[in-house]
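Below is one structure, written out as structure tokens; comments come after it.
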Amino acid sequence: MLSVLTNPDGFFASRVEDPQPLRAAAVVLVVALIGAISGYLTIQRMVSGLPSDVAFAGTIALVFGVGGSLIGPFFIWGLYTAVFYVLSLVFDPEGSFKQLAVFTAWGFVPSIINGLIGVVILFMVLGQVQLPTTAQGAAQFQAQLQQNSLYQLSILLGIVFSLWRGFIWTFAVKHARSLSLRESAIVVGIPVGLGILFTVVSNLL
């Protein structure tokens, strides 16, 4: 599996006949579990100092936050697969949507590394910010997180890993849809570039 990080062209070429869909889906599941842990730690920290009269609302937020973190990677997987599939139609491709979906899932392997690093950074950041003691303070807590230099570092690392994921996806689309490297780079570059732009605007500007 590690060869997808270092030699994605060879990795996907060797899996055209046997894409291993269950193992690919497991990659996305691991990403989701790591995200759920990160979401739980953040929200639990936010609500731990709140008074009892708003604690119930904090519990609801915790449930929805963890649930969203679990569902999110699967939604993103499906979204990127659909976008890659539609954009690749411009180049008269071959290959099924299912094959593309499996190969797109394999491209989430860098997100596992990014998620693990993110959890470590999160532990460090949570020890540096003040716990909210009111419902209004929860918003201030979130603002403190976003202004923290370690948090901003995690965003920058996320961008780097997004580029790495895009690099892998370029070869995934190439082999799943029988495109040239240039064509697959265009197909992948558009949504990945827009995703990175959104991250920069919403977190760093």
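Residue by residue through the stretch 65-92, note down the ones that are within 24 Å of Arg23 (Cβ to Cβ) and either touching a Ser or Thr at 6+ places or on another chain (Cβ under 8 Å) or not in a helix (DSSP H, G or I) (or both).
Scanning the stretch 65-92 gives Ser69, Pro73, Trp77, Tyr80, Thr81, Phe84, Ser88.
Looking at the stretch 12-36, which of the residues that are part of a loop (DSSP other than H, G, I, E, B) and of a type in the set (D, E, K, R) is most open to solvent (accessible area, probe 1.4 Å)?
Within the stretch 12-36, the match that is most open to solvent (accessible area, probe 1.4 Å) is Glu17.
Mind counting the residues in the stretch 171-191 that are assigned to a helix (DSSP H, G or I) and either touching a residue at least 24 places away in the same chain (Cβ under 8 Å) or on the phi > 0 side of the Ramachandran plot (or both)?
14
Taking Ser202 and the conditions (1) surrounded by 14 or more Cβ atoms within 10 Å (Cβ to Cβ); (2) part of a helix (DSSP H, G or I), which numbered condition does it fall short on, given that it satisfies the others?
That leaves (1) as the condition not met.
I need the full set of residues from the stretch 62-98 which are among the polar types (S, T, N, Q) and touching a helix residue (DSSP H, G or I) at 6+ places or on another chain (Cβ under 7 Å), in order please.
Ser69, Thr81, Ser88
Given the criterion of a type in the set (Gly, Ala, Ser), closer than 18 Å to Val125 by Cβ, surrounded by 13 or more Cβ atoms within 10 Å (Cβ to Cβ) and under 18 Å from the mean Cα position of the chain (by Cα), identify the matching residue among Gly158, Gly166.
Result: Gly158 is the single residue among Gly158, Gly166 that is of a type in the set (Gly, Ala, Ser), closer than 18 Å to Val125 by Cβ, surrounded by 13 or more Cβ atoms within 10 Å (Cβ to Cβ) and under 18 Å from the mean Cα position of the chain (by Cα).
The values are calculated or read from the model by the stated rules, or taken from the named source; none is laboratory data. Just so it is clear, the structure is predicted and the values come from calculations on it, not from any experiment. Glycine also receives a Cβ, built like all others from the backbone with ideal geometry; neighbour counts cover every protein chain displayed. Quick note on the areas: whole protein, heavy atoms, side chains included, nothing else; ligands and nucleic acids left out. Shrake-Rupley method; radii C 1.70, N 1.55, O 1.52, S 1.80 Å.
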